[in-house]
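Here it is, the structure, as structure tokens.
The values are calculated or read from the model by the stated rules, or taken from the named source; none is laboratory data. Treat the numbers as computed from the prediction; the structure is a model and nothing was measured. Because the Cβ atoms are built from the backbone with ideal geometry, glycine has one as well, and the counts that use them run over all protein chains shown.
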């Protein structure tokens with residue numbers, strides 16, 4: 001088969017390989033977890049609702065001990081700094097609600113972002129659970145043991161004489177909560193326990209661009225965190241099978257959505273026996289989905305809506321079981337990160353030593369993503385509009401790769417000019433394919449045409465393309481940032497109006513105009529590509545023009561900032577194509 005017939009087939013195969021290879025190897029993810037073990041149970045739902053409304057303490061079963069815990073009036077204590085507003089409550093001595101003060105709610109731009117909340121009523125973050133379920137520490141009112149504007153502490157005394165004290169402080173890192181857990185044996189006999197420290201009991205789900213919550217953990221070896229694992233810990237996979245692993249090779253665990261993360265780190269690793277990540281049914285989201293579908297409560301349709309997309313994720317650490325001698329007291333410290341996926345926040349203070357910043361992963365070409373985001377921020381400082389900054393970024397990137405792009409375009413146009421001579425060679429050496437290929441390559445060399453000239457520039461642009469894709473897809477800088485007209489959030493698909501039907505496979509009824517404009521520009525660019533006089537090759541080129549429609553449909557729910565970049569880049573490509581054709585191919 002001659003080269004001109006093989007080339008379009010290779011081009012189509014190359015595009016499909018690149019597209020598939022990205023999602024398999026280049027997308028931000030780690031390697032498979034080293035030691036997954038059977039699932040952790042869904043957290044038990046308390047019987048008496050949230051701590052602020054239960055009207056008193058619910059005592060765990062009395063094993064016959066003489067130590068008494070006083071009746072406690074439910075109360076809430078607030079700690080806050082410039083970044084966090086944390087509401088701690090006597091119910092379970094837990095974090096009832098955590099607000100990120102510098103970020104806005106996705107559904108109400110006037111309200112600050114409540115990142116941690118009661119996704120399961122009565123089940124809260126930083127609560128303490130008995131893995132056996134007997135003690136019920138998370139279901140009782142703890143006694144306030146001191147509160148200032150910088151620290152709050154709670155105390156609970158079990159009937160058998162085990163006293164627990166939990167104290168909470170903020171900082172010094174901007175998005176850190178420190179929890180100190182003190183355990184004291186007041187009895188005359190040894191007491192043995194294992195405890196489960198809940199980190200986030202679910203996080204806010206910001207499922208934009210198909211990016212749903214996932215979990216990750218740091219791997220520990222030879223006294224340091226050496227790698228981050230997050231493969232096979234997506235929301236869907238954990239709903240199907242909650243994740244659990246022994247703690248001897250793990251340094252911390254986290255759950256994250258597209259823009260924020262919440263991580264639980266033991267400051268004393270020896271205290272951790274195993275780590276868990278588990279699904280939490282997001283009751284408010286489930287109710288919203290049922291109401292939107294107008295499904296009758298209890299119906300099969302309502303039941304089918306309880307799939308993984310109506311869940312969020314939580315994580316916890318189960319301490320190694322130990323025995324406290326009479327009069328013995330121990331203290332362990334735990335660090336909670338709750339904040340944005342930003343290098344400067346994740347790498348601050350104690351988080352730097354744990355390599356928590358590696359959770360922000362832009363893939364193989366992460367350095368390109370970070371460089372482009374830095375350039376994007378510079379343009380934003382000048383124009384105060386990220387949409388304009390994205391357009392400026394297009395100009396910088398396209399001018400930087402122009403020499404490579406020009407070589408590819410010139411090679412393609414020269415190849416088009418040689419088509420009559422190639423057709424003549426095909427007729428001349430019709431029965432001798434080896435001679436045909438040899439003569440074809442000889443003629444190309446004589447005319448300065450590289451048969452791979454169109455492919456090489458494409459390969460050289462792949463790192464830039466993937467770096468840009470990940471940078472704009474995961475950049476928290478674009479969250480809730482408007483551009484112009486109807487584009488009011490560059491981190492979300494543009495939403496012009498609602499359709500009377502749901503777009504197949506995308507689960508949305510929003511009409512997004514930007515992807516449709518992008519498809520038109522892709523078609524235009526493909527149409528203006530050099531045409532082959534060979535009928536078979538021309539037919540293949542027409543088939544290749546379907547690709548913009550297919551890929552454009554796949555990207556219908558892509559964030560508008562990313563679509564805007566590709567739209568402007570494609571328009572630049574059309575203008576560049578015509579300029580090169582006019583100036584360099586006279």
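Do we have residue 259 as closer than 26 Å to residue 510 by Cβ and touching a strand residue (DSSP E or B) at 6+ places or on another chain (Cβ under 8 Å) here?
yes
Here's another thing I want to ask about it. Taking segment 133-159, which residues are part of a loop (DSSP other than H, G, I, E, B) and modelled with pLDDT of 90 or more?
140, 142, 148, 150, 158, 159
Can you say whether residue 63 is assigned to a loop (DSSP other than H, G, I, E, B) and modelled with pLDDT of 85 or more, as far as the supplied structure shows?
For residue 63, the condition - assigned to a loop (DSSP other than H, G, I, E, B) and modelled with pLDDT of 85 or more - is not met.
Within the group 327, 273, 298, which residue is surrounded by fewer than 17 Cβ atoms within 10 Å (Cβ to Cβ), more than 29 Å from residue 174 (Cβ to Cβ) and either in contact (Cβ under 8 Å) with a residue 60 or more places away in the chain or not assigned by TED's automatic domain parsing to the domain that holds residue 163 (or both)?
327
Restricting to segment 463-489, name every residue that is under 24 Å from residue 549 (Cβ atoms) and either outside the structural domain of residue 387 (by TED's automatic domain parsing) or crowded, with 16+ Cβ neighbours inside 10 Å (or both).
Selection gives 465, 466, 468, 469, 472, 473, 487.
Matching residues to (1) surrounded by fewer than 17 Cβ atoms within 10 Å (Cβ to Cβ); (2) not assigned by TED's automatic domain parsing to the domain that holds residue 490:
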| residue | (1), (2) |
| --- | --- |
| 267 | yes, yes |
| 280 | no, yes |
| 283 | yes, yes |
| 381 | yes, no |
